[in-house]
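Engineer: Let me give you the structure first, and then I'll get to my questions.
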Amino acid sequence: MNYPSKLIENAIEEIAKLPGIGKKSALRMALHLLKRDEKHTLQLAEAIVAMRTQIRYCQQCHNISDSDLCAICTNTKREKSLLCIVEDTRDVLAIENTSQYRGLYHVLGGIISPLEGIGPADLKIESLIQRITLAQNTDEAIREVILGLSPTMEGDTTAFYLTKRLKPFGVKITTIARGIPIGGDLEYADEITLGRSIVSRIAYE
């Protein structure tokens, strides 16, 4: 496609690099930004630059944060003895949106994937072990660890490895329930999900 301006072509090229955005969508976005008041476009640009240059990662849980410790870790109303281990920040956001969890998190920054060359040393596992070790024999000792990892081969591999590493601490290790989604039909469920749903059945109330 021929563009009337090299400047807009450059903008489209960069916008199109974002996930889920093609050249046509990038063109619409670029033209929209061009039509908007210059102040609004500059505010967007400044917000993106500030996010990229100033954002931090929590020193305790490794979630994205504006300061050394994130808002969840510093919240005195959170259950300190409950720790949910997740792959990345997207998982934290997903769980928080349920409003059903009041514990803390630990973000691994990925999952073990030999095919992609990602091993335990590439994740935030050692800091997890250190965190649990330091919390022992204190008022904030970890009593239960929830493995909030995706039910994939890589997720299960990571969960298995973590279980072995955490076993010496004597903490309760649980995993998020896996089953049929609300509104789902049994005939469309895969065999593994359906099987796990039956094995992990609960009392009907």
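Engineer: In this structure, does Ile48 turn out to be within 30 Å of Val86 (Cα to Cα), outside the structural domain of Glu96 (by TED's automatic domain parsing) and loosely packed, with under 12 Cβ neighbours inside 10 Å?
Structural biologist: yes
Engineer: Take the stretch 51-76 and flag every residue that is among the polar types (S, T, N, Q) and exposed (fewer than 10 other Cβ atoms within 10 Å of the Cβ).
Structural biologist: Result: Thr53, Gln54, Thr76.
Engineer: Also, I was wondering about something else. (1) of a type outside the set (Lys, Arg); (2) surrounded by 10 or more Cβ atoms within 10 Å (Cβ to Cβ); (3) in contact with a strand residue (DSSP E or B) (Cβ under 8 Å, 6 or more places away or on another chain): which one isn't true of Gly109, the others all being true?
Structural biologist: For Gly109, the exception is condition (3).
Engineer: Taking the stretch 26-82 as the region of interest, how many residues are within 20 Å of Ala135 (Cα to Cα) and in a strand (DSSP E or B)?
Structural biologist: 4
Engineer: Taking the stretch 152-193 on its own, how many of its residues are closer than 29 Å to Glu116 by Cα and hydrophobic (A, V, I, L, M, F, W, C)?
Structural biologist: So the answer is 10.
Engineer: Might you let me know whether the stretch 62-71 holds any residue that is closer than 27 Å to Pro151 by Cα, touching a residue at least 40 places away in the same chain (Cβ under 8 Å) and not assigned by TED's automatic domain parsing to the domain that holds Ile146?
Structural biologist: Yes: one or more hits.
Engineer: In addition: For Leu44, which of the numbered conditions (1) within 30 Å of Ile142 (Cα to Cα); (2) in contact with a helix residue (DSSP H, G or I) (Cβ under 8 Å, 6 or more places away or on another chain) fails to hold?
Structural biologist: Answer for Leu44: the failing condition is (1).
Engineer: Go through (1) free of Cβ contacts under 8 Å to residues at least 40 places away in the same chain; (2) touching a Lys or Arg at 6+ places or on another chain (Cβ under 9 Å); (3) not aromatic (Phe, Trp, Tyr) one by one and return the number of the condition Asp139 breaks.
Structural biologist: Result: Asp139 fails condition (1) only.
Engineer: Still on this structure, I have one more. Hey, among the residues in the stretch 88-123 that are outside any loop (DSSP other than H, G, I, E, B) and acidic (Asp, Glu), which one's nearest to Ala71 (Cα to Cα)?
Structural biologist: Glu96
Engineer: So, one more: I'd like the residue in the stretch 146-187 that is part of a helix (DSSP H, G or I) and of a type in the set (Gly, Ala, Ser) and, out of all such residues, is surrounded by the most Cβ atoms within 10 Å (Cβ to Cβ).
Structural biologist: Among those that are part of a helix (DSSP H, G or I) and of a type in the set (Gly, Ala, Ser), it is Ala159.
Engineer: While we're looking at this one, here's another question. With the structure loaded, tell me whether Asp190 is surrounded by 14 or more Cβ atoms within 10 Å (Cβ to Cβ), out of contact with any Asp or Glu (no Cβ under 7 Å at 6 or more places or on another chain) and without any contact (Cβ under 8 Å) to a residue 12 or more places away in the chain or whether it fails that test.
Structural biologist: The answer is no for Asp190.
The values are calculated or read from the model by the stated rules, or taken from the named source; none is laboratory data. The structure presented is a predicted model; accordingly, all values stated were derived computationally and were not measured. Ideal geometry is used to build each Cβ from the backbone, glycine not excepted, and the neighbour counts take in all protein chains shown.
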